[in-house]
Each structure stands twice: as structure tokens, then as C-alpha cells.
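Trainee: Let me begin by handing over the structure; questions about it come next.
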Amino acid sequence: MSARPPRFDAPSPFDRVFNRLFGILVGLGLALPHNYLLQVRGRKSGRLYSTPIDVLAHGGRRFLVAGRGETQWVRNARASGQVTLRKGMRGEACRLRALSDAEKPEVLKAYLDRFKMTVQRYFPIPAGSPVERFVPVAAGYPVFELKAAREGDLTSGE
């Protein structure tokens, strides 16, 4: 019996160009409060990779949701357990806690409801749906809770 490959929605050529340009704007500090440039070290190369991301504030906590599924940033973040969120000249080192599939439905619903204009296309469920509708699809969406990094977790200047 073979395991199902992880879900991944590859970006189109347009998405790649848009993300690169939007990432530059976020890196300059020209973005909405929830937009950040996520930076993470490559799990094999050690190279620093960046991608624009929406940070969801929900229930007094902050979350990263991978609407496209098992992306490279997800694999790298899972391997390192930490990321840096950048906006302009400011950077915030964060540890990550991967949510279990049972914890994800409420966060996925909040994420889709909050960012529906930009992420609805990644979900088979319409924004505004009850949380129960997210239970069967939760395994296909990596979700991480952002935690404050302990001193010394990340070196400055990354």
C-alpha cells in the first residue's frame, strides 16, 4: 500500500513573479500589518530563502498557514523549527509548533475567512463555512503556531 503524496499546489509563472515583486515591497516595509517576509534556512543547502506570507492572529496567538500545502518553506521550517519574520528593517525570530490535524480546523476557518480574497482558490470549501467542513481537509494544510524565539535560537543579521 503506497502513502498518498503530500498536497502541493505549485505556483503559476504569474504567481512566482507576483510573489517576488510583493516580497520586495514587504521587505521594504510597504505592506499591510499581517504581511511579512518569511525567512528560513534551506534544510539541505543552508541558504536563506524568503517568501511573502500572511500571519494570522487568532485567539491571542499567531499562526502560519500553508494554503498551497507542503511547500519548500514548510519543509525547511519543519526541519529547522524556526523562522524569521521580516518587514522593513525589523526582523522577529520565531520558533514553530506544528499543529495536529485535530487542532487545524478552527485555524483554517479563521485563515480562510480573514484572507479569502487571496487564499480562497487553495480551499475546496467556501469562506464562511462552518468549522466542521474543515475537518476532512485539515491534513492537507500545514499550520504552525508562532512562538517567541529563545535568546540564542537565531543569530542576528540573517
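Trainee: For the list (1) in contact with a Phe, Trp or Tyr (Cβ under 9 Å, 6 or more places away or on another chain); (2) within 21 Å of R7 (Cα to Cα); (3) surrounded by fewer than 20 Cβ atoms within 10 Å (Cβ to Cβ), I need the number of the one condition that F123 fails.
Mentor: (3)
Trainee: Please indicate, with yes or no, whether at least one residue in segment 59-70 is small (G, A, S), open to solvent by 70 Å² or more (accessible area, probe 1.4 Å) and out of contact with any strand residue (DSSP E or B) (no Cβ under 9 Å at 6 or more places or on another chain).
Mentor: Scanning segment 59-70, I find at least one residue that is small (G, A, S), open to solvent by 70 Å² or more (accessible area, probe 1.4 Å) and out of contact with any strand residue (DSSP E or B) (no Cβ under 9 Å at 6 or more places or on another chain), so the answer is yes.
Trainee: Inspect segment 133-140 for any residue being open to solvent by less than 10 Å² (accessible area, probe 1.4 Å), under 15 Å from the mean Cα position of the chain (by Cα) and in contact (Cβ under 8 Å) with a residue 24 or more places away in the chain and give the result as yes or no. I'd like the intermediate steps shown before the answer.
Mentor: First, the residues of segment 133-140 that are open to solvent by less than 10 Å² (accessible area, probe 1.4 Å): 134, 138.
Filter again for under 15 Å from the mean Cα position of the chain (by Cα), leaving 138.
Then drop every residue that is not in contact (Cβ under 8 Å) with a residue 24 or more places away in the chain, which leaves 138.
Yes: segment 133-140 contains one or more residues that are open to solvent by less than 10 Å² (accessible area, probe 1.4 Å), under 15 Å from the mean Cα position of the chain (by Cα) and in contact (Cβ under 8 Å) with a residue 24 or more places away in the chain.
Trainee: Which residues, counting only those in segment 87-108, are open to solvent by 50 Å² or more (accessible area, probe 1.4 Å) and in contact with a Ser or Thr (Cβ under 9 Å, 6 or more places away or on another chain)? Outline the logic, then answer.
Mentor: So the first thing to find is which residues in segment 87-108 are open to solvent by 50 Å² or more (accessible area, probe 1.4 Å), and the list is 89-90, 92, 95, 97-98, 100-103, 106.
Within segment 87-108, just E92 meets the criteria.
Trainee: Could you list all residues from segment 109-120 that are open to solvent by less than 30 Å² (accessible area, probe 1.4 Å) and either free of Cβ contacts under 8 Å to residues at least 40 places away in the same chain or of a type in the set (G, A, S) (or both)?
Mentor: The initial filter retains those residues of segment 109-120 that are open to solvent by less than 30 Å² (accessible area, probe 1.4 Å), namely 110-112, 115, 119.
Those that are open to solvent by less than 30 Å² (accessible area, probe 1.4 Å) and either free of Cβ contacts under 8 Å to residues at least 40 places away in the same chain or of a type in the set (G, A, S) (or both): A110, L112.
Trainee: Let me ask something else about it. Only residues that are in contact with a Leu (Cβ under 7 Å, 6 or more places away or on another chain) and hydroxyl-bearing (S, T, Y): list them for segment 90-114, please.
Mentor: Y111
Trainee: On to the next question. Please go through segment 13-47 and give me each residue that is open to solvent by less than 50 Å² (accessible area, probe 1.4 Å) and either at pLDDT below 90 or in a strand (DSSP E or B) (or both), ordered by number.
Mentor: D15, G27, N35, Y36, L37, L38, Q39, V40
Trainee: Quick test for you: out of K109, K147, pick the one residue that is in a helix (DSSP H, G or I) and either more than 30 Å from R90 (Cβ to Cβ) or modelled with pLDDT of 95 or more (or both).
Mentor: Checking each option against the conditions leaves just K109.
The values are calculated or read from the model by the stated rules, or taken from the named source; none is laboratory data. All values derive from a computational prediction rather than experimental measurement. Neighbour counts run over all protein chains shown; Cβ positions are idealised from the backbone, glycine included. We work out accessible area using only protein heavy atoms, side chains counted, and drop any ligands, DNA or RNA first. Shrake-Rupley method; radii C 1.70, N 1.55, O 1.52, S 1.80 Å.
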